[in-house]
Amino acid sequence: MQLSIVIPLKNEDESLPELEAWIRRVCEAHPISYEIIMVDDGSTDRSWKVINALKENNSCVRGIKFRRNYGKSAGLHTGFQAAQGEVVITMDADLQDSPDEIPELYRMIAEDGYDLVSGWKKVRHDPISKTIPTKLYNAATRWMSGINLHDFNCGLKAYRLDVVKTIEVYGEMHRYIPVIAKWAGFTKIGEKVVEHRPRQFGVTKFGGFERFINGPLDLMSISFVGKFGKRPMHFFGTLGLISFLIGLSILVYLTFAKTVYQEYGIADRPLFYFGILALIIGTQLFLTGFLAEMINRNSPIRNSYLIEKEI
């Protein structure tokens, strides 16, 4: 199979028929052998019934239904695990991503040799309350990751199959999949300007106010895990060693001053307590590093979701 299209969704029953028909027209026109994997993230509307109806009319449709809502990252991860195509394309279910972009995205992976191609919605149809924070996050992510992309969070992306089978997307990390891919060793990352269409039905189901808090935290988490996830002692041990040596130097100096110069009242000086504090912090950081190394060697599987139905 040439192409897998992964679509995480929640309460998008109105847009699914048009989206499926549009994808089918595009793939049959080129032609590309394909499958559409729709992951229902705990919808409370008729989305699952619509997916079943689409399956009856199109054998290329596959459906996975979560027992409850887990979030977009969970939907993408589960869709990635089910994908079989040589190229995997992700897109949102709200018709804001145009299926007409599929052939060129597929070509960039299959022929140009990219590991990952991210869409760039250069002209957006979002309110300013969403566009400004998005630009700030993208600028911060470019600076921290060294990946020159304009729109990290664009839902329209294309991947080689081994990329999605290698990376692990959990929590709210779908915003930074290019960063995760880079840390996993997939460095040929490209970008394509794509159309951003106005939403036709309902309101956005993924996101909310919490994204303003979770976004920076997720970015710091990815940056830390990417650099020190397999060697946490290098981070905590370095800080612990610096803190311990500072505290030890202070106490050696105060001991020398007390012994040689017969200074009194050393225990009343703030420097004395700072030295002790630095020693304690250094020791604690060392212990944290050792514990992190032990946890890292026995880390459990993070992605485990209850699937109610599958077609």
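Among I281, I37, sorting on how many other beta-carbon atoms sit within 10 Å of each Cβ, with the fewest leading, yields I281, I37. Phi angles across the range 98-105 convert, under the Karplus curve 6.51 cos²θ - 1.76 cosθ + 1.60 with θ = phi - 60°, into 3J(HN,Hα) values of 8, x, 5, 7, 4, x, 6, 4 Hz, Gly and Pro given as x.
Entry for the range 3-228 at q = 0.08, 0.15 Å⁻¹: log10 I(q)/I(0) = -0.26, -0.98, Debye formula applied to identical alpha-carbon scatterers, no solvent contribution. Bridge orientation summary for the range 3-228: considering DSSP beta bridges with both residues in this region, about 30 percent are antiparallel. Residue by residue, the range 170-182 carries 3J(HN,Hα) couplings of 9, x, 10, 7, 4, 5, 10, 4, x, 5, 4, 5, 4 Hz when phi is fed to the Karplus relation 6.51 cos²θ - 1.76 cosθ + 1.60 (θ = phi - 60°); x denotes Gly or Pro. Calculate the all-directions average of the projected area of the range 48-160's alpha-carbon convex hull, and give it in nm². Average projection, Cα convex hull of the range 48-160: 9.0 nm². Between K188 and D115, the built amide H atoms are under 5 Å apart, and every one of these is 5 or more places off in sequence or on another chain. Residues whose amide H lies under 5 Å from that of I37, counting only those 5 or more places away or on a different chain, are I5, V6, I7, R62; hydrogens are built 1.01 Å from N in the peptide plane. Residues whose amide H comes within less than 5 Å of that of V194, counting only those at least five positions distant or on another chain, are W120, K121, K122 (H built at 1.01 Å from N in the peptide plane). The order of E35, E195, going from fewest to most other C-beta atoms within 10 Å of their C-beta, is E195, E35. Projecting the alpha carbon convex hull of the range 232-297 along each direction and taking the average yields 4.3 nm².
Taken together, the values in this text are just the output of simple stated rules run on the coordinates, not laboratory data. Keep in mind that what you see is a predicted model, and the values were worked out from it rather than measured. As a convention, Cβ positions derive from the backbone with ideal geometry for all residues, glycine included, and neighbour counts pool all protein chains shown.
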